[in-house]
Amino acid sequence: MIDAMTPAAIFFLGALLTPFLRTWPRRILLLIVPVIGLWQLFALSPVNAGYIDFLDYRLITLRIDTLSLVFGAIFHIAAFIVALYSLHVRDTMQHVAMLVTAGAAIGAVLAGDLITLFVFWELTAIASVFLIWARRTGRSYAAGMRYLLIQMGSGLLLLFGAIMLARETGSVEFRQMQLGSIATWAIFLGFGIKCAFPLLHNWLQDAYPEATVTGTVVLGSFTTKLAIYALARGFAGESLLIPIGALMTAFPIFYAVIENDLRRVLAYSLNNQLGFMVVGIGLGTEMAINGAVAHAVNNILFKGLLFMSIGAVLLRTGTAKGSELGGLYKSMPWTTAFCLVGAASISAFPLFAGFVSKGMILAAAADEGHWFVWLVLLFASAGVFHHSGIKIPYFAFFAHDRGIRCREAPLNMLAAMGITAALCILIGVYPAVLYGMLPYAVTYVPYTVDHVVSQMQLLLFSALAFTLLMRSGIYPPELRAANLDIDWIYRRMVPRYAVIIGRVYGAVAALISNAGNAMIRQVLNVVYQVHGPQGVLARTPPIGIALLWVAVLLAATLLLYYL
Amino acid sequence: MPDTGDREKQTYWLDRPANVKRIIHVLFLLCAGLAALDLMLPRHSVFFFEAWPGFYAWFGFAACVGLVLAAKLIRRLLMRPEDYYD
């Protein structure tokens, strides 16, 4: 069945070979796996294949249609970029985890049924946690554990929902669903955790900044975008997603303004970007779905680029904290330039990637008459520019020079950032390359005078606000601090009150077990009376009685025989 | 590529406050230009408020100022020492 082999298998084969290779052979392997995978993806497309009949259900391990093709393709491109970015790393664990994570994400978007999806869904979680643990610190171990528990929870909800759905409908095919039954709610919630819905979001900001330099880029590329794909496939047009997404675009930007760790700022920013996509999926019109998918593709590129540039800073200076950095444009001019391209792209400047995709989602919201959601998205757009477009490059590379002098990033990192930056500009200048891949025909025209002028007004007056706040000293300084978020509940409240919770639990448990003991004792008494040493069933009758009974039975049989 | 020793002594264009001022002046000019453009161009708006003069400019400015001021308040509530969870 090699002719219908899922591209994911190529990644897993690559991961198996990786530990046996060193230096150049390994580097070539890491780079060539995504290339072969992408070639295989396009060679197979479109296809429904890899049927496995499992119990009563038909599993489709390979389904390539317009929606899965675009996600499959961008995942391959992302896999190539992160491979290039991590070529200098000498850590087999990270290379293997990277290939398995990418392969599992690709396998998941190509899965045609919920059981196959579940398997790959969990595999992305298990493989990617090693990218956090690979930092090999106590902090990263704990953060990885929290990440793993929450991700596994998401997978279990998906499995539970899939089983319930199979009982209801007799099919495990992964297709459009309606919220209503427990099954679909469980699946929705499972997707929502991985997509970092509000209140379910905090694993993202907790874990991503604790991963290795290259690990964060891998995590940021695959996991959440897989969830976006799953929502687009399963819940397109679900109107509940509109307020959820709007909330997601808005609340993380407040955290992004006050957060000091620049990789955590980017994690909050990623959460905000996912919100735009979730709104698009919730709107459900052809333009909105196109916008959500296009923004997911662009986000993998420009968010990856920003994570890569700050990762390079972390590698060279040993920190990614705004309070410690500044003036790095002198030492790392190329990284600075690439970071600025990423910043311009995520801020949706004309001629950069974000402009041609985010505009689609806003236009779709306006078309549907959602004026309030539209205003929230516009506020979030200004906010994105503020924290990702200005804050990230400003505090890392400009602000005031802290006298850090380091080397420029390694050549392979620069190459990875350069390719990504080129793609961001290519898509911005020539959006047809992206629009041609989208699930529906594109009627949206990004470059109108209105759109360009209004966007430039929004952005430049936001920049004006930043400048005035900065010059007047109102802007909050970068401070070494931790900011409380929803993770406080499971990192502080529950552990702190664990003693009290333990006592209450102990008391309740004692009550229950006392009551239970009493009941059991009664049952045992009855059993004892019957089976005990003096019980009816425990007596050993003399042999004579047995003989008497045999005689009686014999007599009865004879009697019956003659009758 | 000069090594780091050379860079230490090198002064950069941005090191001079006059040049930073120049960038800020360019930003002011661009903003003024965009505001003027807003009055000249006929706009095709979906929502009525989009047609208000300089809507996007005001919105962008107010959003950012509001965001930063709100974030400063939130910081008072949520900020903890860096080793809070350790």
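The values are calculated or read from the model by the stated rules, or taken from the named source; none is laboratory data. Everything numeric here is computed off the predicted structure, so don't read it as measured data. As a convention, Cβ positions derive from the backbone with ideal geometry for all residues, glycine included, and neighbour counts pool all protein chains shown.
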The one condition in (1) surrounded by 24 or more Cβ atoms within 10 Å (Cβ to Cβ); (2) at positive phi that A:A97 fails to fulfil:
(2)
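For (1) surrounded by fewer than 19 Cβ atoms within 10 Å (Cβ to Cβ); (2) assigned to a loop (DSSP other than H, G, I, E, B); (3) within 8 Å of chain B (Cβ to nearest Cβ), each residue gets a yes or a no:
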{"residue": "A:L426", "(1), (2), (3)": "yes, no, no"}
{"residue": "A:Y440", "(1), (2), (3)": "yes, yes, no"}
{"residue": "A:P446", "(1), (2), (3)": "no, yes, no"}
{"residue": "A:V452", "(1), (2), (3)": "yes, no, no"}
{"residue": "A:A463", "(1), (2), (3)": "no, no, yes"}
{"residue": "A:P476", "(1), (2), (3)": "yes, yes, yes"}
Identify all residues within region B:61-86 that are at the interface with chain A (Cβ under 7 Å from one of its Cβ atoms), in contact with a Leu (Cβ under 9 Å, 6 or more places away or on another chain) and part of a helix (DSSP H, G or I); write none if there are none.
B:F61, B:A63, B:C64, B:V65, B:V68, B:R75, B:L78
All conditions in (1) modelled with pLDDT under 80; (2) surrounded by 13 or more Cβ atoms within 10 Å (Cβ to Cβ); (3) more than 7 Å from chain A (Cβ to nearest Cβ); (4) in a helix (DSSP H, G or I) are true of B:G5 except (2)
Given the condition over 28 Å from A:T448 (Cα atoms), assigned to a loop (DSSP other than H, G, I, E, B) and modelled with pLDDT under 85, answer yes or no: does some residue in region B:45-60 qualify?
no
Could you list all residues from region B:31-44 that are over 19 Å from the mean Cα position of the chain (by Cα), surrounded by 12 or more Cβ atoms within 10 Å (Cβ to Cβ) and not in a loop (DSSP other than H, G, I, E, B)?
B:L37, B:D38
Across region A:134-155, what is the total count of residues that are within 17 Å of A:T224 (Cα to Cα) and more than 14 Å from chain B (Cβ to nearest Cβ)?
10
Name the one entry in A:L511, A:L464, A:L469, A:L458 that is on the phi < 0 side of the Ramachandran plot and under 32 Å from the mean Cα position of the chain (by Cα).
A:L458
Suppose the filter is farther than 15 Å from A:F302 by Cβ and away from chain B (no Cβ under 14 Å); does A:A399 pass it?
no
Here is a list of conditions, (1) within 14 Å of chain B (Cβ to nearest Cβ); (2) surrounded by fewer than 22 Cβ atoms within 10 Å (Cβ to Cβ); (3) in contact (Cβ under 8 Å) with a residue 40 or more places away in the chain, and A:T285 meets all of them except one; can you say which number that is?
(1)
Total residues in region A:221-262, condition under 28 Å from A:M98 (Cα atoms), touching a residue at least 60 places away in the same chain (Cβ under 8 Å) and of a type in the set (A, V, I, L, M, F, W, C)
7
Identify the single condition in (1) within 14 Å of chain B (Cβ to nearest Cβ); (2) touching a helix residue (DSSP H, G or I) at 6+ places or on another chain (Cβ under 8 Å); (3) among the small types (G, A, S) that A:A482 does not satisfy, given that it satisfies every other one.
(2)
Does region A:167-183 contain at least one residue that is farther than 25 Å from A:A73 by Cα and within 14 Å of chain B (Cβ to nearest Cβ)?
no
Given the residues A:R405, A:R491, which is the only one that is within 14 Å of chain B (Cβ to nearest Cβ), over 29 Å from B:L37 (Cβ atoms), in contact with a helix residue (DSSP H, G or I) (Cβ under 8 Å, 6 or more places away or on another chain) and assigned to a helix (DSSP H, G or I)?
A:R491
Any residue that is touching a Ser or Thr at 6+ places or on another chain (Cβ under 7 Å) and modelled with pLDDT of 90 or more - is there at least one of those in region A:26-42?
yes
Which numbered condition A:G383 misses (of (1) within 14 Å of chain B (Cβ to nearest Cβ); (2) surrounded by fewer than 21 Cβ atoms within 10 Å (Cβ to Cβ); (3) of a type in the set (G, A, S))
(2)
Among the listed residues A:I182, A:I228, A:I163, A:I150, which satisfies the condition of being closer than 25 Å to A:V293 by Cβ and among the β-branched types (V, I, T)?
A:I228
Considering B:F28, B:F49, which residue is aromatic (F, W, Y), surrounded by fewer than 16 Cβ atoms within 10 Å (Cβ to Cβ), more than 7 Å from chain A (Cβ to nearest Cβ) and closer than 29 Å to A:H400 by Cβ?
B:F28
Taking A:M417, is it in contact with a His (Cβ under 8 Å, 6 or more places away or on another chain) and either away from every other protein chain (no Cβ under 11 Å) or modelled with pLDDT under 90 (or both)?
no
Please find, among A:G280, A:G220, the residue that is of a type outside the set (A, V, I, L, M, F, W, C) and at pLDDT 95 or above.
A:G280
Could you please find all residues in region A:123-153 being under 12 Å from the mean Cα position of the chain (by Cα) and over 14 Å from A:F222 (Cβ atoms)?
A:L148, A:I150, A:M152
Taking region A:254-282 as the search range and keeping residues that are within 14 Å of chain B (Cβ to nearest Cβ) and among the hydrophobic types (A, V, I, L, M, F, W, C), which one is nearest to A:H370 (Cα to Cα)?
A:F254
